[in-house]
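Let me begin by presenting the structure, written as structure tokens, before commenting on it.
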Amino acid sequence: MQLQRATVESDSGSGMLWLGLDARDEVLPADAAPEQAEWRPAVEDWYVVADERVAGAVGMVVAPWPEVDGAGRLMFSEQMELVWFREDALLEVVDGWRTIHDQDLRPIRIGDVFWVHGDPVELGGWADMRDVTAESRDAAKVAAFATAAGAVPVEDASELGLVRKEDAATRREPPPPPGSGVTAAL
């Protein structure tokens, strides 16, 4: 699993937006027909997550589209909001976009993640939407595995195909853990 990134202008300073894609996705040329052109999240887009369900309504957490830090983890701004939609109205909009983008139709589940272009707090304001639940779960797994495994030396990551060889030359080894008795040679 390789998280895809794009360099963009952003307020947080990292300059890397998570593309919501993984290595299995096909990248199409920029001049592809509009119906074939690959979508690319932008800083004005939204990350929308189904957070809770109560009496026929679904609470959705809305946040600006996340960036990716140097370790490949998703970073969210502190600007988040919980908005509520009638479940039937939400499903109608989501399934409409899923149909347009040839995604599977299914009920809304807690934890579902959507890329939304437009006004995320009004269903009528969703100018475009993609279900990125699977990719979001993969990103969460990468973060959890990285936390459990710790930093991987660049040489090992390169040998495993986790870092492009041209990028490996510019990366520095992470410092050793405090108290390990090893002196970092950075």
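The values are calculated or read from the model by the stated rules, or taken from the named source; none is laboratory data. These numbers were taken from a predicted model, which means no experiment stands behind them. Methodologically, a virtual Cβ is constructed for each residue, glycine included, from the backbone with ideal geometry; neighbour enumeration extends over all protein chains shown.
Candidates in the stretch 71-99 are the residues that are surrounded by fewer than 17 Cβ atoms within 10 Å (Cβ to Cβ) and in contact (Cβ under 8 Å) with a residue 40 or more places away in the chain; of these, the one that is nearest to the chain's Cα centre (by Cα) is Met75. Just give me the residues in the stretch 43-72 being of a type in the set (Asp, Glu) and closer than 22 Å to Glu87 by Cα, in sequence order. Those that are of a type in the set (Asp, Glu) and closer than 22 Å to Glu87 by Cα: Asp51, Glu52. The single condition among (1) out of contact with any Asp or Glu (no Cβ under 8 Å at 6 or more places or on another chain); (2) closer than 23 Å to Lys141 by Cβ; (3) in contact (Cβ under 8 Å) with a residue 24 or more places away in the chain that Met60 does not satisfy is (1). Residue count for the stretch 48-106 satisfying the condition of being more than 20 Å from Ala134 (Cα to Cα), modelled with pLDDT under 95 and part of a helix (DSSP H, G or I): 0.
Only residues that are under 19 Å from Gly56 (Cβ atoms) and free of Cβ contacts under 8 Å to residues at least 12 places away in the same chain were counted across the stretch 104-123, and they come to 2.
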